[in-house]
Amino acid sequence: MNRAMRKRLQRLAESKGPVIRRDTPQNELADTLYQRQYVRTLEILQMSEEPARKAIRLCHSVHQASEEGSTLGYQLHQPKLDCHTGCSWCCHQPVRTHILDAIGAAAPVLSRPLDYSLPSRSRQDLARSFAPCPMLVDHQCSIYRHRPVVCRAYQSRDVRRCQQRFQNQEVDANIPVSLELYGLTGMGQLATVKVLEELGIDCRPVVLGLAIRALQRDFEGMVADWLDGGNSFEDVTVL
């Protein structure tokens, strides 16, 4: 982390952080989750350790916040969901996710070279692709414990619609999800992304499979450059 970035980090750490709204229980809960992860992100970034280790620690904290938000969302809204083990209709698409999620997903599979490519990284072309995620093995997510936040948050109320979307290759299919649960599950990541953006760290979405493949070639180098404000993920970003 360069000198200018360290100064910005120090200023953020000295600020009071986001203000918690208390107008409704939902807003207070969401803002509490957000503020807690915002502060935790600053604490981790100030730690004196190797960039790769710091990034993995940060990713784990985001996933922990995601699970906490999901649990609270279930308790508060009790949504009726239709997802179950072995159902992988939503896994047949190029996953667009945050760089930090890609780092967390790549860490446990660095020794397992990935053969994955796409003809295009444009949003339009990615939306038209129904190829399986390269992390999908025998209808199971092979990195389930380390899966991206978007995968944790995306839970369907009607699996039949997910199946129809895949079988009919419906690009603009409307899948019913619990928006309240989706929002609370992703709240921690929003806080971390806000801190990273304020520090000038690249927060553009990347294609998960392409990012993992790139990280397998130079994990520590790419992560160190990224945390220093570099563009090491340029070739795997969504266009």
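The values are calculated or read from the model by the stated rules, or taken from the named source; none is laboratory data. This structure is a prediction, so every number in the text was calculated from the model and none was measured. Counting neighbours? That spans all protein chains shown, and the Cβs are built from the backbone with ideal geometry, glycine included. SASA here: full protein model, heavy atoms, side chains in, ligands and nucleic acids out. Shrake-Rupley method; radii C 1.70, N 1.55, O 1.52, S 1.80 Å.
Residues that are of a type in the set (D, E, K, R), surrounded by fewer than 20 Cβ atoms within 10 Å (Cβ to Cβ), under 23 Å from Glu180 (Cβ atoms) and touching a residue at least 24 places away in the same chain (Cβ under 8 Å) are absent from segment 98-107. Here's a check for you: in segment 12-29, which residue that is of a type outside the set (S, T, N, Q) and assigned to a helix (DSSP H, G or I) is nearest to Tyr182 (Cα to Cα)? The selected residue is Leu29.
In segment 70-91, which residue that is open to solvent by less than 30 Å² (accessible area, probe 1.4 Å) and in contact (Cβ under 8 Å) with a residue 60 or more places away in the chain is nearest to Phe219 (Cα to Cα)? Steps first, please.
At the first step, the residues of segment 70-91 found to be open to solvent by less than 30 Å² (accessible area, probe 1.4 Å) are 70, 73, 79, 88.
After this cut, where a residue has to be in contact (Cβ under 8 Å) with a residue 60 or more places away in the chain as well, the list is 70, 73, 79.
Numbers: Ser70: 30, Gly73: 34, Pro79: 39 Å.
Of everything passing the filter in segment 70-91, Ser70 is nearest to Phe219 (Cα to Cα).
Among the residues of segment 30-47, is there at least one that is open to solvent by 50 Å² or more (accessible area, probe 1.4 Å), part of a loop (DSSP other than H, G, I, E, B) and over 29 Å from Tyr154 (Cβ atoms)? Yes.
Scanning segment 142-174 for residues that are touching a His at 6+ places or on another chain (Cβ under 9 Å) and of a type outside the set (Lys, Arg), we see that the one that is surrounded by the most Cβ atoms within 10 Å (Cβ to Cβ) is Val149.
The residue that is farthest from Thr71 (Cα to Cα), counting only those in segment 108-141 that are open to solvent by less than 50 Å² (accessible area, probe 1.4 Å) and hydroxyl-bearing (Ser, Thr, Tyr), is Ser120.
For segment 42-75, how many residues meet the condition of being closer than 12 Å to Thr185 by Cβ and touching a Leu at 6+ places or on another chain (Cβ under 8 Å)? Summing the residues that are closer than 12 Å to Thr185 by Cβ and touching a Leu at 6+ places or on another chain (Cβ under 8 Å) in segment 42-75 gives 8.
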